[in-house]
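Working notes, structure below.
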Amino acid sequence: MMNLADSAPATNNMLGSEADSQRTLYPYVTGTSVIGIKYKDGLLFAADMGGSYGSTLRYKSVERLKSVGKHSVIGASGEISDFQEIMRYLDELILFDNMWDDGNSLGPKEVHNYLTRVMYNRRNKFNPLWNSLVLGGIKNGKKYLGTVSMIGVHYEDDHVATGFGNHLARPILRDEWHENLTYEEGVKLLEKCMRVLLYRDRSAVNKLQIAKITEEGFTVSEPYSLKTSWDFNAFKNPTLDAEGSW
Amino acid sequence: MSEPCCYIFTASFCYDLFCTFGATEFSYQFLLTMAADSQVLSDYVRYYLHQHTIQLGQPATVKVAANLVRMVSYNNKNMLQTGLIVGGWDKYEGGKIYGIPLGGTLLEQPFTIGGSGSSYLYGFFDQVWKEGMTQDEAEKLVVKAVSLAIARDGASGGVVRTVTINKDGVSRKFYPGNTLPLWHEELEAKDSLLDSLSATSPEPMVS
C-alpha cells in the first residue's frame, strides 16, 4: 500500500518483522560540505551547488542554503530529498509560529533545538533523515551557530562545518577565525576553505553561494565560481627527480 | 529512452514510456528494470491529480503534478526504484520540467535526462544544449540524443517516441529504429549479403 504522509508510519510490531518494515536507508542525491562562521555583524555561510549521484556530479544548481523565518539560516549536506522534507517541516513550524501573531518569533537557538529533536528521534526509529545540518542566525543582537548530524549529535560553536569541511575547513578556521571579522574578511576566509574543498573533495563542484544573516535580514549571493591554480612545475614534470616512477 | 527487459531477454520492444494526464505528461525512465514501479506510481498520481482537478475546477499546474510524484516517490523510497521526469505546460508558468530521481528529490530544470542510456548523454548535452531553442531544434536534438543512447546502451532500442507539449496541447511522434541516424561502427542495413552481388564483383566473399 502506498504511503502518502510519512516514509515510516508507526506500526505495532514489537518483535516480528513486517514486509514494509523500515530500516536505515542509503542516500542517492547528496550535497557535500557546508561551512558557517560568526562575524562582526552576524553570520556567514558557504556551500556549493552540487547534487552528486554517487560518483556522478549529476546536478549543479542545487541551493543548499535557505532562510528559516526572520532570524535563521539552514545549510544542509547529505540526501537532498530529506533536506527538502526538512524544509517542509520548518516552513510548517514557522507558519504556526506566525499564526500565533504574538509578536514573538522563533530564533536560531529554538530552530536548532527543534531540528535536533527531529533528527535524534528519527535516528531512534532507525529511519534517519540522511543530512548534516548547519543552523545559525542572529536575534536581538545575539549570534548563534550550531550543527546537527543525522544521528542527532549537536553542538554550537563560533565556526562549524559538515562532511569534508570538518577535516579540511575547520583546521583553517581554528587558526584564522577571530571575533569581529569584517564581512570582507569573513568572505575571504570562507573562500579559502571552499577552495581547499574544491581541490580535495571529489564531490565538490565549482559553483557556490555565500549566505549572510544580520539583524537586517537574510541575503544569499548569486552563484559564482572560484579560480583555481594548477600551473606548477611539479605537476608538469612529476617524475623529474624520480626517473621511472609514475 | 531505455526499454524494459527481464534480465537479458527483451520482453517488449515497444513500451510506451509516456504517461499522460491532461496537459501534463510524465515520462518514465527505467533505472533498474523497475518498469512496474513507474507505472504504479503514475497510476496513483493520475488518481490524485484527477481528484485535485475536479476540486480546482481547471487543469492542474505542472508544479502540482510534480509535487504529487515527489510525495509518492519520497514516502515510499524504501520500496520504489524509479526515477521520473515530469514535463508539461500550464497557463501560469508556461512550459516546465521537473526531475525526480531516486530518493524523491524534486528539482526544476531547463532540461533533464534519465534512464539507463542517459549515462552516455551527459557529455553530449553539456556540449550542445542551449537556452531558447526552437521547437524544431529541440525535437531534432532529443531524437539525436536518444539515438546516441541506443547506440551504446544495451537496454535501449526499438523505437523512439517523442511528446511535445505547449499551449496548443500535446502531440506525439513516432520514429522506428531503422530510420535513426547511424553512428560509429554501425552499418547501413541490407536485406541480404546476396544484394552486394553485382556485375563488377560477382564474388562478395573475401579470403
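For region A:120-137, the candidate set comprises residues that are open to solvent by less than 30 Å² (accessible area, probe 1.4 Å) and in contact with a Pro (Cβ under 7 Å, 6 or more places away or on another chain); within that set, the residue that is farthest from A:G152 (Cα to Cα) is A:G137. Cβ separations smaller than 9 Å between residues 6+ apart or across chains give the following pairs from region A:31-55 residues that are within 12 Å of another protein chain (Cβ to nearest Cβ) and within 14 Å of A:F83 (Cα to Cα) to residues that are crowded, with 24+ Cβ neighbours inside 10 Å and of a type in the set (D, E): A:G31/A:D48; A:G31/A:E79. Kindly indicate the residue of region A:138-153 that is over 28 Å from B:M79 (Cβ atoms) and out of contact with any Phe, Trp or Tyr (no Cβ under 8 Å at 6 or more places or on another chain) and also most open to solvent (accessible area, probe 1.4 Å) among those meeting that condition. Among residues in region A:138-153 that are over 28 Å from B:M79 (Cβ atoms) and out of contact with any Phe, Trp or Tyr (no Cβ under 8 Å at 6 or more places or on another chain), the one most open to solvent (accessible area, probe 1.4 Å) is A:K142. Just for region B:30-52: of the residues that are surrounded by fewer than 16 Cβ atoms within 10 Å (Cβ to Cβ) and modelled with pLDDT of 90 or more, which one is farthest from the other protein chains (Cβ to nearest Cβ)? My answer is B:H50.
Take the residues in region B:102-134 that are within 28 Å of B:L68 (Cα to Cα) and open to solvent by 80 Å² or more (accessible area, probe 1.4 Å); name whichever of them is farthest from the other protein chains (Cβ to nearest Cβ). So, considering only residues that are within 28 Å of B:L68 (Cα to Cα) and open to solvent by 80 Å² or more (accessible area, probe 1.4 Å), the one farthest from the other protein chains (Cβ to nearest Cβ) is B:E131.
Residues are listed down the side, and each one gets a yes or a no for (1) loosely packed, with under 14 Cβ neighbours inside 10 Å; (2) more than 28 Å from A:E179 (Cβ to Cβ); (3) polar (S, T, N, Q); (4) modelled with pLDDT of 95 or more:
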{"residue": "A:N13", "(1), (2), (3), (4)": "yes, yes, yes, no"}
{"residue": "A:L25", "(1), (2), (3), (4)": "no, yes, no, no"}
{"residue": "A:S33", "(1), (2), (3), (4)": "no, no, yes, yes"}
{"residue": "A:K40", "(1), (2), (3), (4)": "yes, no, no, yes"}
{"residue": "A:A47", "(1), (2), (3), (4)": "no, no, no, yes"}
{"residue": "A:S61", "(1), (2), (3), (4)": "no, yes, yes, yes"}
{"residue": "A:R64", "(1), (2), (3), (4)": "no, no, no, yes"}
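Note on region A:123-198: enclosed strands (runs of 3 or more DSSP E) holding 3 or more residues that are touching a residue at least 12 places away in the same chain (Cβ under 8 Å) and under 22 Å from A:E79 (Cβ atoms) are A:131-139, A:142-148. Once region B:53-98 is narrowed to residues that are open to solvent by 50 Å² or more (accessible area, probe 1.4 Å) and within 18 Å of A:A5 (Cβ to Cβ), the residue that is farthest from the chain's Cα centre (by Cα) is B:N78.
Against the list (1) in contact with a strand residue (DSSP E or B) (Cβ under 8 Å, 6 or more places away or on another chain); (2) more than 17 Å from A:F45 (Cβ to Cβ); (3) among the polar types (S, T, N, Q), the condition A:T228 fails is (1).
The test for being without any contact (Cβ under 8 Å) to a residue 12 or more places away in the chain, out of contact with any Pro (no Cβ under 8 Å at 6 or more places or on another chain) and within 14 Å of chain B (Cβ to nearest Cβ) does not hold for A:D102. When A:A169 is tested against (1) buried (at least 22 other Cβ atoms within 10 Å of the Cβ); (2) touching a Ser or Thr at 6+ places or on another chain (Cβ under 6 Å), just one condition goes unmet, and that condition is (2). When you look at A:V68, is it touching a Lys or Arg at 6+ places or on another chain (Cβ under 9 Å), within 24 Å of A:L106 (Cβ to Cβ) and at pLDDT 95 or above, yes or no? So A:V68 does not fit the description; no.
In region B:70-86, the residues that are within 19 Å of A:F83 (Cβ to Cβ) reach residues that are β-branched (V, I, T) and crowded, with 21+ Cβ neighbours inside 10 Å with C-beta atoms within less than 6 angstrom, at least six apart or across chains, in these pairs: B:R70/B:I100; B:S73/B:I100.
The values are calculated or read from the model by the stated rules, or taken from the named source; none is laboratory data. Everything numeric in this text was worked out from a predicted model, so none of it was measured. We place every Cβ from the backbone using ideal geometry, glycine too, and count neighbours over all the protein chains shown. Each accessible area value is taken on the protein alone, full model and side chains, heavy atoms only, with ligands, DNA and RNA left out. Shrake-Rupley method; radii C 1.70, N 1.55, O 1.52, S 1.80 Å.
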